[in-house]
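Notes follow the structure.
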Amino acid sequence: MINNILLAAAVSIPVTPLCAPILAEEVTSPKPIPALAAPGAAVFGGLGETGSVPPTMALYEENITNNITCRSKARSKFFELGARDMSPSDSNGQWATIGNMKAIAWCRENRVIISVAGYNYNSVSELRDEIAKAF
């Protein structure tokens, strides 16, 4: 019964001549959107170097006791390494710029995930290992 009523209501919806042109027209943006210089520019835009060298990333995972101590250890290590552009102290994702590399220590429940991105794998791995020493 209810299905029949809904079907009858759907069939009886009038299609006015005003709807057709609105639904059929092509939508274009009034303002042009510039293309990115390179596919990785959005993700690794602030790494400093450009050119033919692709960015590299190193990851690490470690057990932690809780988020508060994790954030504190990450911030202390970042300060020790001369970090700039750091995230707020109450964020579980502690990130910073160290030299020309980006580093993050993501404090999640009982794990910390450390990630460092840059253009030289040896430097990225060395910085990742140095940050991991804090945990």
Cβ-defined net charge surrounding residue 90, 11 Å radius [Lys, Arg +1; Asp, Glu -1] | +2
What ranking, highest mean first, results for peptides 105-111, 79-85 when packing means the other Cβ atoms within 10 Å averaged over each residue?
-> 105-111, 79-85
Computed lengthening from residue 63 to residue 92, 0.36 nm per intervening residue step minus Cα-Cα distance | 9.0 nm
Summing Lys, Arg as +1 and Asp, Glu as -1, what charge do residues with Cβ under 13 Å from the Cβ of residue 134 carry, residue 134 excluded?
-> +2
Summing Lys, Arg as +1 and Asp, Glu as -1, what charge do residues with Cβ under 12 Å from the Cβ of residue 66 carry, residue 66 excluded?
-> +3
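No lab work stands behind these numbers, since they all come straight from the coordinates. Please read all numbers here as calculations on a predicted model, not as lab measurements. FYI the Cβ positions are ideal-geometry reconstructions off the backbone, even for glycines, and counts take in every protein chain you see.
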